[in-house]
Amino acid sequence: MAVCICGDSARHLIEGMEPKDLEALRPVDASDVVLEAPTWQEARELSLNVWGERGLHADVLVLKEAHRRTSQELDYHLWRGDIPPRSLMLTASGTLLTTPWFDLILCSSGLSTVELSKRIMGMTAVFRMTRTAKEGFVESKPFTTTEELSDYLTSAKGLQGIARVREALEWSPPRARSPREIDATLALVMPRRRNGCGLPLPELNHRVDPSIAARKMMGKEEVFVDLFWRHRDDAHIDAGVEYLGKEHHTNLGEDLTRANALSLEGIDLQLMADEQLKSAGQILMIAKRVARAIGFKPYGNKWPSEEDLQGLIDQILK
């Protein structure tokens with residue numbers, strides 16, 4: 001018999017784990033576990049154990065409607081039917097959690113398409129959220145890969161919510177390096193039917209080995225481009241977008257030197273900061289320049305209106 005923590009509570013616990021604790025997580029076969037609702041005594045302590053303070057609800061998974069008792073301390077999430085393989089995991093301390101990819105399906109009806117995409121990109125990112133870092137995140141290994149997530153969705157086919165998660169996966173490239181990088185990517189690549197710019201998926205954190213002239217200019221042997229698109233034919237050039245975060249981009253002259261050096265490598269680099277990300281007009285201008293550089297034409301040769309795109313951007317940034 002076991003209580004299974006899910007949803008926001010499971011995500012919160014995972015974000016608070018050290019790398020060694022994350023590596024110690026082990027999968028649990030759902031058929032070997034009998035899930036139960038917490039007793040009243042357990043419910044009083046569960047929120048404190050999850051959040052570190054009283055007054056916040058803990059999310060738990062139950063399999064029977066009868067177990068969804070009303071409680072001020074708990075939010076119950078009901079799952080009817082079999083739990084797919086690779087959906088549960090156990091911490092070294094013995095706490096049973098749902099995996100983030102199972103939570104995508106479990107909570108999909110309550111999440112917007114933007115929220116689903118942001119969660120997917122967060123799982124495959126090279127950073128993880130943490131409550132102890134100044135910026136709120138630190139560099140880390142991806143929690144999963146796009147391929148592993150796609151395989152999981154295939155094994156869980158037929159379940160409610162799968163179609164929405166699969167759709168969101170289509171425009172959620174892996175290896176984002178920061179939350180703002182995720183935001184910029186989604187504004188640029190979500191399809192026009194979702195009010196995005198509809199650019200092709202970029203390669204995130206693409207490595208460039210500069211020429212001698214570019215290395216001399218930058219003083220670096222290698223450089224990474226946040227969002228990188230390859231040209232479609234010999235009549236066009238590669239393009240990139242660099243998000244200028246406050247912590248890692250404090251020297252404007254260095255950033256401009258980098259952009260100039262990459263132009264020597266045939267890469268049309270666009271610089272973006274918060275001001276650009278918040279403005280539909282500026283995002284649209286960047287998207288059109290990337291499209292011209294690589295030789296891409298949007299579907300129907302049409303771009304979203306600034307009003308529609310601004311609505312999407314506001315959803316992404318909220």
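The values are calculated or read from the model by the stated rules, or taken from the named source; none is laboratory data. Here the structure is a predicted model, which means the values were calculated and not measured. Counting neighbours? That spans all protein chains shown, and the Cβs are built from the backbone with ideal geometry, glycine included. The area values use the complete protein model at the heavy-atom level, side chains included, leaving out ligands, DNA and RNA. Shrake-Rupley method; radii C 1.70, N 1.55, O 1.52, S 1.80 Å.
Using only Cα atoms and rounding to the nearest 10 degrees, what angle (0 to 90) does helix 113-123 make with the longest principal axis of the chain?
So the inclination is approximately 90 degrees.
So for the range 162-206, averaging the separation of alpha carbon pairs under 8 Å that are six or more residues apart and normalising by length, what relative contact order in percent results?
35 percent
With label points built 7 Å along Cα→Cβ from the Cα atoms of E18 and E139, find their separation and express it in nm.
It is 2.0 nm.
Can you tell me the orientation of helix 252-264 relative to the chain, as the angle in degrees between its alpha-carbon axis and the longest Cα principal axis, to the nearest 10?
With rounding to tens, the tilt is 70 degrees.
Considering only protein heavy atoms and a probe of 1.4 Å, how much of the accessible area of the range 152-267 is carbon and sulfur, as a whole percent?
49 percent
Say a site is exposed when it is one of the GluC sites (Glu not before Pro), sits in a DSSP loop, and has at most 11 other Cβ atoms within 10 Å; what is then the longest site-free stretch of the chain?
54-220
Using modelled amide H (1.01 Å from N, peptide plane; none on Pro or chain starts), what sits under 5 Å from the amide H of Q270, excluding residues fewer than 5 places away?
It is G240, V241, E242, by chain and number.
Starting from the Cα-Cα distance between S93 and E36, subtract it from 0.36 nm times their residue separation and give me the gain in nm to one decimal.
Extra length available between S93 and E36 comes to 18.7 nm.
What does the accessible area of R164 come to, in Å² to the nearest 10, when a probe of 1.4 Å is used?
R164 exposes around 80 Å² with every protein chain in place.
In degrees from 0 to 90, rounded to the nearest 10, what is the angle of the helix 306-317 Cα long axis to the longest principal axis of the chain?
Helix 306-317 sits roughly 50 degrees off the main axis of the chain.
Give me the percent relative contact order of the range 262-316, please, defined on Cα pairs under 8 angstrom at least 6 residues apart.
Taking the mean separation of contacting Cα pairs over the length of the range 262-316, I get 40 percent.
Residues of the chain: accessible area per residue at 1.4 Å, in Å²?
52 Å²
Give me the Kirkwood hydrodynamic radius of the range 106-252, using the inverse of the mean 1/r over all pairs of distinct Cα atoms, in Å to one decimal. Working shown, then result.
On the way: mean 1/r = 0.0589 Å⁻¹.
Over the range 106-252, the inverse of the mean reciprocal pair distance is 17.0 Å.
Filter the cross-link list K288/K318; K141/K220; K141/K318; K157/K302; K216/K297; K118/K157 down to pairs whose alpha-carbon distance in this structure exceeds 31 Å.
The answer is K157/K302; K216/K297.
To the nearest 0.05, what FRET efficiency results for K64 and E222 with a Förster distance of 45 Å applied to their C-beta separation?
Numbers: r = 56 Å, r/R0 = 1.23.
Plugging the Cβ-Cβ distance into 1/(1 + (r/R0)^6) gives 0.20.
Note down the relative contact order for the range 208-318 as a percent, whole number, built from C-alpha pairs under 8 angstrom at least six residues apart.
Reported relative contact order: 28 percent.
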